[in-house]
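Have a look at the structure below, then the notes.
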Amino acid sequence: QVQLVESGGGLVQAGGSLRLSCAASGRTFSQYRMAWFRQAPGKEREFVAAISASGGRLYYLDSVKGRFTISRDNAKNTVHLEMNSLKPEDTAVYYCAAGAYYCSNYGCYSAPGGYEYWGQGTQVTVSS
């Protein structure tokens, strides 16, 4: 089992920045694809960003490209989401996820069903 704990959420003004962190338990973190999803009230869970196990492949939701950066540190069992130029529409609960099965394209990296483990989420609120 893998346990994931998110941190770093909060309230910021539009145009501001936040850095989300996800700490993973276990000794096999380097074998997992990692991703961030978000969910706003009344909306479906939405893919935000993903990173391959090695860190060599990155995927982003179109609306966050150029503003958000996903990264990982396998030595520390952590994944991060640096969010810049935040907009009110970025307001949501952000979830960290981990998946073990092989994936080589955007379709499987961006699908919630491709991830086996989920954190409890951290709230990000962007004021206008």
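The values are calculated or read from the model by the stated rules, or taken from the named source; none is laboratory data. Please read all numbers here as calculations on a predicted model, not as lab measurements. Positions of Cβ are generated from backbone atoms using ideal geometry, with glycine treated the same way; all protein chains shown enter the neighbour counts. To get the accessible areas, we keep the full protein, side chains included, count just its heavy atoms, and leave off ligands, DNA and RNA. Shrake-Rupley method; radii C 1.70, N 1.55, O 1.52, S 1.80 Å.
A few points about this structure:
- Check on A75, under 18 Å from F29 (Cα atoms) and in contact with a Pro (Cβ under 9 Å, 6 or more places away or on another chain): no
- Being more than 26 Å from S128 (Cβ to Cβ), of a type in the set (K, R) and modelled with pLDDT of 95 or more is a property that does not hold for R45.
- Looking across region 104-127, the residues that are part of a helix (DSSP H, G or I), farther than 21 Å from Q1 by Cβ and in contact with a strand residue (DSSP E or B) (Cβ under 9 Å, 6 or more places away or on another chain) come down to Y106, C108, Y109.
- For region 1-38, the candidate set comprises residues that are in contact with a Ser or Thr (Cβ under 7 Å, 6 or more places away or on another chain) and part of a loop (DSSP other than H, G, I, E, B); within that set, the residue that is surrounded by the fewest Cβ atoms within 10 Å (Cβ to Cβ) is G15.
- In this structure, Y94 does not qualify as in contact (Cβ under 8 Å) with a residue 40 or more places away in the chain, open to solvent by 40 Å² or more (accessible area, probe 1.4 Å) and under 20 Å from E44 (Cα atoms).
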